[in-house]
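Take a look at the structure set out below.
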Amino acid sequence: MSEVIKIKKGLDIQLSGKAEKVFGQADLPELFAIRPTDFHGVVPKMAVKVGDKVKTGTVLFFDKYRPEIKFVSPVSGELAAVNRGERRKILEIVVKSDGSDEKEHFEPTKVSDLSKEQIVEKLQAAGLWSFIRKRPYDVIADANETPKAFYISGFDSAPLAPDMDFILSGQEEALQAGINVVKQLCENVHIGVQYDAASKVFNNLNGVTVHAFNGPHPAGNVGVQIHHTMPISKGEVVWVAQPQEIVAIGKLFTEGIYDASRIVVLAGSEVEKKAYYRTKLGASISTLVKDNVKKNDTLRYISGNVLTGTQIEEDGYIGAYHSQVTVIPEGDYYEFMGWALPGFGKFSMSRSFFSWMCKKKEYRLDANMHGGLRSFVVSGQYDQVLPMDILPEFLFRAILVEDIDKMEQLGIYEIAEEDIALCEFVCTSKQPLQATLRKGIDLMIKELS
Amino acid sequence: MKALRNLLDNIKPHVQKGAKFEKFHSTFDALETLFFVPNTTNKNGVHVRDAVDLKRTMAIVVKALIPALLFGIWNTGYQHFLAMGVDAGFWAEVGHGALKVLPIVIVSYGVGLGVEFIFAQFRGHEVQEGFLVSGMLIPLVLPVDVPLWMVAVATVFAVIIGKEVFGGTGMNIWNPALVARAFLFFAYPSKMSGDKVWISGLSNGEGVIDGFSGATSLGQAASGVAPSHSIMESFIGMIPGSIGETSTLAILIGAAILIYTGIGSWKIIVSVFAGGYVMGLLFNLWGANALMQVDALHHICIGGFAFGAVFMATDPVSATRTERGKWIYGFLIGFLAIMVRVFNPAYPEGVMLAILLMNTFAPLIDHYVVQGNIKRRLKRAKVAA
């Protein structure tokens, strides 16, 4: 292993409700759904109609502007509903499972026999291309671009995040197969691992460069890892994917199937049995959380982690890129004189609450905003939790005034929403920074394409 | 508490948009959020948020000002009875001080918050918390004998010209409290400088013992006399001066609170003191007049230096916003403050001018730090290419 890269800035939010490394038992649900909104910039066009029979791997919809990018069904059954929102925007494409898991057949092939174009075609046909994303912009990769590297983060440092080594143990072969596929797309494959973890899975992989990181969240973010090893400058592209997605890619080539199975961690202070569950991409969480959550408060169900996840209903669906479901209290209460009281047991990066006197190991945080939206007042907070050579506040200002040149100069190519989620967490003025950044990125894409 | 909540819930529908009393929405909102942290939850982006908000932040700064305020109250009484040649005892001193100081505080808060509410009402936004701190800073940087109407006029000026014309809290260029002081300093110099204004009762001269001078150390040094108060006296703060600025000790307690909670920038505080000390040492070497000969350590204990360093320079809105910029900004404040003091005895309070000047230049300093970041990124791209 190469030298350990020390990340000093950042913050580990000590949330209560960490999952044990055991598997819980839960039935697969009846309903599955793909949310087009999980894929930034994709305008969905349906390929099937409600009531049509689909198999695992049947194309459900594709991108209107890049029809080669397809999205497939995670199970076999029939298309139950297309849920639309305002202006008939497609929000969810729901498939009702028939339990048989009948699969579309894709020929197993040796990667070495295929050209790069053939591999791309195969991935696109099987709906797996959507799992390869690119930096800058954090959107689905463009097969016509040549990436300078392919990065995979081997650990997730977000609050209550799953342990990747645990998830991947037993799937080493498929992972290696997936890496072999990726290597045909881009020779230069990098994996970031946690320095002290006995990450046998990653250290035993062939054909990859391993970087070890030591530090608090967001050290596990692939954007931070790229920044510290091979920063992205203007005109450069890096492709990224998550380990479970690489496994699925591997299985497509070795077994010839589209495998939507995912291991997700169910965590959070309001969950009774906090554990890992074997389920599928897009699965409804209804069977996971039924009779498995505390009923005292209003609850918030999140697909993903508390910093970047998507709020879903108690029968909502696991997002396409998520391998975590978190349940926390909603926190929709008024707090009497909350700003003046000593505040034992409140979590804050500043020491303005007396909780520094009796440091708790774990905090049960809720989704309350703890204040109102204000303009930028306090300075230097964002810098403490963004371990990159970027001046976040000035980048946000450039975004707010829509100054494309400044955004580029200040490093918008290097960051994605997940990287600045902590800035949003610590912000005294309660600014919606992730939404602001996405607005800036969308503007960049629009102006530069 | 439950009853209060019910009362607010009953009123709330009547001040919502479209309801009969919608004009009073911002006033209602200000009162409601004063008593209750609102029940709003995160809608998109992060699902959990740090417990700190702007009210909390401002409340911490006000708490950090309390040692200076309490000391100022006592010192006002102490100086008064010293001038009278009476040994009145601790509680009489505190009583006299409270009678003098608290009205100024009340006028400052009353007038300032009044203006804030009116602006929030007209603009239809929430009442912002910035004035919670300014309202306490303004009294603490004024001489105790200042007429109350002047406090009111200065506060109105500070809130409107110092803040609201720029768009409110977070948008201002200069520190509003210093704008108030500068306004009084230039509009009514006779009430803001000289030897008579710093001790309560001295300006009308009744009952003052013969030969008692109310001159501050700076005033003495400016007129060519070595300061009669020792460094230790100046550090503890038993000297004439503006209400809250005399005790470096009480101010340092406040500094400790600000730094420990992470609310005030330690970089600015440290670099202001460093800048002042370095400049003081340089002048000591030169030593051409009484002001230059004042010991560098003594320099940073007298006048408004410490108060400015800890409470004025650290105002995040008007200071530099980059971490590297904070070092430069702070150092130059300290440096310039002593320079103004020494070179221009007509303005012994160089700290105020130095901070206002650096407030003006803070965006420029930030600009260069940002350019540095941009250049590093470009250079990296070239090396890679």
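Only residues that are of a type in the set (Lys, Arg) and touching a Pro at 6+ places or on another chain (Cβ under 6 Å): list them for the range B:181-233, please. Walk me through how you get there before you give the answer.
Of all residues in the range B:181-233, those of a type in the set (Lys, Arg) come to B:181, B:191, B:196.
Once the filter is applied, which keeps residues that are of a type in the set (Lys, Arg) and touching a Pro at 6+ places or on another chain (Cβ under 6 Å), the range B:181-233 yields nothing.
Residues B:120, B:98, B:68, B:30: which one is out of contact with any Lys or Arg (no Cβ under 7 Å at 6 or more places or on another chain), in contact (Cβ under 8 Å) with a residue 24 or more places away in the chain and within 12 Å of another protein chain (Cβ to nearest Cβ)? Steps first, please.
On the way: B:120 fails: within 12 Å of another protein chain (Cβ to nearest Cβ); B:98 fails: within 12 Å of another protein chain (Cβ to nearest Cβ); B:68 fails: within 12 Å of another protein chain (Cβ to nearest Cβ).
The unique qualifying residue is B:30.
Given the conditions (1) within 26 Å of the chain's Cα centre (by Cα); (2) assigned to a helix (DSSP H, G or I), report the number of the one that residue B:32 does not fulfil.
With respect to (1) within 26 Å of the chain's Cα centre (by Cα); (2) assigned to a helix (DSSP H, G or I), residue B:32 is out only on (1).
Please indicate, with yes or no, whether at least one residue in the range A:197-207 is in a loop (DSSP other than H, G, I, E, B), surrounded by 18 or more Cβ atoms within 10 Å (Cβ to Cβ) and modelled with pLDDT of 90 or more.
Looking through the range A:197-207, none of the residues is in a loop (DSSP other than H, G, I, E, B), surrounded by 18 or more Cβ atoms within 10 Å (Cβ to Cβ) and modelled with pLDDT of 90 or more.
Give me a count of the residues in the range B:344-384 that are in a helix (DSSP H, G or I) and aromatic (Phe, Trp, Tyr).
So in the range B:344-384, the residues in a helix (DSSP H, G or I) come out as B:350-384.
Still in the running and aromatic (Phe, Trp, Tyr): B:361, B:368.
Total satisfying the criteria: 2.
Select from the range A:421-439 the residues that are in contact with a Lys or Arg (Cβ under 7 Å, 6 or more places away or on another chain), in a helix (DSSP H, G or I) and basic (Lys, Arg) and list them in ascending order. Write out each step before concluding.
Residues of the range A:421-439 that are in contact with a Lys or Arg (Cβ under 7 Å, 6 or more places away or on another chain), as a first pass: A:425, A:429-430.
Okay, now just the ones that are also in a helix (DSSP H, G or I), so A:425.
Passing the criteria: none in range.
Tell me, which residue of the range B:46-63 that is in contact with a Leu (Cβ under 7 Å, 6 or more places away or on another chain) and not in a helix (DSSP H, G or I) is nearest to residue A:300 (Cα to Cα)?
B:48
For a quick check of your reading: which helices (runs of 4 or more DSSP H) sit entirely within the range B:166-263 and have at least 2 residues that are within 14 Å of chain A (Cβ to nearest Cβ) and aliphatic (A, V, I, L, M)?
On the way: elements: B:176-187, B:189-192, B:217-222, B:231-236, B:248-261.
Once the helices (runs of 4 or more DSSP H) in the range B:166-263 are filtered for at least 2 residues that are within 14 Å of chain A (Cβ to nearest Cβ) and aliphatic (A, V, I, L, M), what remains is B:248-261.
Find the residue count for the range A:370-389, including only residues that are assigned to a loop (DSSP other than H, G, I, E, B), more than 7 Å from every other protein chain (Cβ to nearest Cβ) and buried (at least 21 other Cβ atoms within 10 Å of the Cβ).
Our first condition is that a residue be assigned to a loop (DSSP other than H, G, I, E, B); within the range A:370-389, this holds for A:370-380, A:386-389.
Now narrow it down to the ones that are more than 7 Å from every other protein chain (Cβ to nearest Cβ): A:373, A:386-388.
Next cut, buried (at least 21 other Cβ atoms within 10 Å of the Cβ) only: A:386-388.
Qualifying residue count for the region: 3.
Can you tell me which residues in the range B:284-308 are of a type outside the set (A, V, I, L, M) and closer than 29 Å to residue B:318 by Cα? Show your work before the answer.
Of the residues in the range B:284-308, the ones of a type outside the set (A, V, I, L, M) are B:284, B:286-287, B:289, B:293, B:295, B:298-299, B:301, B:303-305, B:307-308.
Those that are of a type outside the set (A, V, I, L, M) and closer than 29 Å to residue B:318 by Cα: B:298, B:299, B:301, B:303, B:304, B:305, B:307, B:308.
With the requirement that a residue be assigned to a loop (DSSP other than H, G, I, E, B) and in contact (Cβ under 8 Å) with a residue 24 or more places away in the chain, what does the range A:31-50 give you?
Within the range A:31-50, the first condition is being assigned to a loop (DSSP other than H, G, I, E, B), and the residues that meet it are A:35, A:39-43, A:47-50.
Within the range A:31-50, A:35, A:39, A:40, A:41, A:42, A:48, A:49, A:50 meet the criteria.
When you go through (1) at pLDDT 90 or above; (2) within 14 Å of chain B (Cβ to nearest Cβ) one by one for residue A:330, which number turns out not to apply?
The number of the failed condition is (1).
Can you tell me how many residues within the range A:234-249 are within 11 Å of residue A:148 (Cα to Cα) and more than 15 Å from the chain's Cα centre (by Cα)?
The number of residues fulfilling the criteria is 4.
Checking residue A:268 against (1) more than 11 Å from chain B (Cβ to nearest Cβ); (2) closer than 18 Å to residue A:23 by Cα, which single condition isn't satisfied?
(1)
Please enumerate the residues belonging to the range B:277-335 that are in a helix (DSSP H, G or I), hydroxyl-bearing (Ser, Thr, Tyr) and over 18 Å from residue B:249 (Cα atoms). Don't jump to the end; show me each part of the working.
Here is the first cut: in the range B:277-335, the residues in a helix (DSSP H, G or I) are B:277-286, B:290-293, B:296-301, B:305-312, B:323-335.
Those still in the list that are hydroxyl-bearing (Ser, Thr, Tyr) too: B:277, B:329.
Hit for the range B:277-335 is B:329, nothing else.
For the subset of the range B:52-72 comprising residues that are crowded, with 24+ Cβ neighbours inside 10 Å and small (Gly, Ala, Ser), which member is nearest to residue B:130 (Cα to Cα)?
B:64
Report, by residue number, each residue of the range A:434-449 that is crowded, with 21+ Cβ neighbours inside 10 Å and facing chain B (nearest Cβ under 7 Å).
A:434 - this is the single residue of the range A:434-449 that is crowded, with 21+ Cβ neighbours inside 10 Å and facing chain B (nearest Cβ under 7 Å).
For the range A:394-420, which positions are acidic (Asp, Glu), closer than 17 Å to residue A:218 by Cβ and either assigned to a loop (DSSP other than H, G, I, E, B) or at the interface with chain B (Cβ under 10 Å from one of its Cβ atoms) (or both)? Give the derivation first.
In the first step, residues of the range A:394-420 are kept if they are acidic (Asp, Glu); the result is A:402-403, A:405, A:408, A:414, A:417-419.
Those still in the list that are closer than 17 Å to residue A:218 by Cβ too: A:414, A:417-419.
Hits for the range A:394-420 are A:414, A:417.
Find the residue count for the range B:67-88, including only residues that are more than 22 Å from residue B:211 (Cβ to Cβ) and touching a Leu at 6+ places or on another chain (Cβ under 9 Å).
Quick first cut of the range B:67-88, residues more than 22 Å from residue B:211 (Cβ to Cβ) only: B:67-74.
Okay, now just the ones that are also touching a Leu at 6+ places or on another chain (Cβ under 9 Å), so B:67-69, B:71-73.
Within the range B:67-88, residues that are more than 22 Å from residue B:211 (Cβ to Cβ) and touching a Leu at 6+ places or on another chain (Cβ under 9 Å) number 6.
Just to be sure I understand, how many residues within the range A:108-133 are out of contact with any Ser or Thr (no Cβ under 7 Å at 6 or more places or on another chain) and surrounded by fewer than 18 Cβ atoms within 10 Å (Cβ to Cβ)? Write out each step before concluding.
Just the residues of the range A:108-133 that are out of contact with any Ser or Thr (no Cβ under 7 Å at 6 or more places or on another chain), to begin with: A:109-133.
Going one step further and asking which of them are surrounded by fewer than 18 Cβ atoms within 10 Å (Cβ to Cβ), we end up with A:109-110, A:112-118, A:121.
Adding up the residues that qualify gives 10.
Are there strands (runs of 3 or more DSSP E) fully within the range A:61-141 with at least 1 residues that are over 19 Å from residue A:281 (Cβ atoms)? List them. Walk me through it before giving the result.
Numbers: elements: A:70-72, A:77-84, A:90-97, A:133-135.
Once the strands (runs of 3 or more DSSP E) in the range A:61-141 are filtered for at least 1 residues that are over 19 Å from residue A:281 (Cβ atoms), what remains is A:77-84, A:133-135.
For the range B:173-214, give me the residue count where each residue is without any contact (Cβ under 8 Å) to a residue 40 or more places away in the chain and among the hydroxyl-bearing types (Ser, Thr, Tyr).
Qualifying residue count for the region: 3.
So, in the range A:143-180, of the ones that are part of a loop (DSSP other than H, G, I, E, B) and without any contact (Cβ under 8 Å) to a residue 60 or more places away in the chain, which residue ends up farthest from the chain's Cα centre (by Cα)?
So the first thing to find is which residues in the range A:143-180 are part of a loop (DSSP other than H, G, I, E, B), and the list is A:143-148, A:154-163, A:169-171.
From what is left, the residues that are without any contact (Cβ under 8 Å) to a residue 60 or more places away in the chain are A:144, A:169-170.
Numbers: A:144: 24, A:169: 20, A:170: 22 Å.
If we take residues in the range A:143-180 being part of a loop (DSSP other than H, G, I, E, B) and without any contact (Cβ under 8 Å) to a residue 60 or more places away in the chain, then A:144 is farthest from the chain's Cα centre (by Cα).
The values are calculated or read from the model by the stated rules, or taken from the named source; none is laboratory data. Model, not experiment: these values are computed from the prediction. Note: ideal-geometry Cβ built from the backbone for every residue, glycine included; neighbour counts use all protein chains shown.
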